[in-house]
Amino acid sequence: MTTPIPAYEAVINIIYKRTPGFRLDIDYLLQTHIPMVAKEWAPHGLLGATVTEAPADSEYAYIVAVRFKTLEGWQKVSADPEQMGLLMADVPNFTNGTPDFVVGTVVKGGIIEAP
């Protein structure tokens, strides 16, 4: 039996490029930073996140895809200097890279479940 995918509207891809000397502490990201993000953003519609490691020959190193119930929820947290400041201040604790944010909305019919 499959669990239905919760309906969501916005996907924010937080992308870390592979650069000379790039480092990322995956344990810190998963055990400390992501739970901090969940605590801060869940009240605004965060539904979940997926952390992906790109292949070694990719120009990207890691991609964190966060799902929000609505685009407005994301816009609210991203415009809040206190919340974003807290989370962005934690980034140097796990990486020397600078994240790029790519914000998108799910197209109608764009959430597909396998049979």
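No value in this document is a laboratory result; all are computed from the given coordinates. Quick caveat: nothing in here was measured; it's all calculated off a predicted structure. Positions of Cβ are backbone-derived with ideal geometry, glycine not excepted, and every protein chain shown enters the neighbour counts.
General remarks:
- Coil-residue trypsin sites (Lys or Arg not before Pro) of the stretch 7-115, DSSP, other Cβ within 10 Å capped at 14: R23, K108
- Within-9-Å neighbourhood charge of Y8 [Cβ basis; K, R +1; D, E -1]: +1
- In percent, rounded to a whole number, the relative contact order of the stretch 10-105 is 50, using alpha-carbon pairs under 8 Å and six or more apart.
- Under the convention that each Lys and Arg Cβ holds +1 and each Asp and Glu Cβ holds -1, the size of the dipole of the stretch 1-74 around its Cα centre is about 80 debye.
- Dipole axis of the stretch 10-105 (+1 Lys, Arg; -1 Asp, Glu on Cβ), positive-most option in A49, G97, Y62: A49
- Structure-derived volume of the Cα convex hull per residue in Å³ - corresponding label in [x] 130; [y] 79; [z] 263: [x]
- Among P35, P20, P81, the residue with the largest mean-square fluctuation in a Gaussian network model of the chain, with springs joining Cα atoms closer than 10 Å, is P20.
- Candidates per GluC sites (Glu not before Pro) in the stretch 1-99, loop by DSSP, up to 10 other Cβ within 10 Å: E59
- Ellipticity estimate at 222 nm from DSSP helix runs (n ≥ 4, -39,500 (n - 2.57)) divided over the chain, nearest 500: -6500 deg cm²/dmol
- DSSP-assigned coil residues among chymotrypsin sites (Phe, Trp or Tyr not before Pro) in the stretch 59-115, each with at most 13 further Cβ atoms within 10 Å: none
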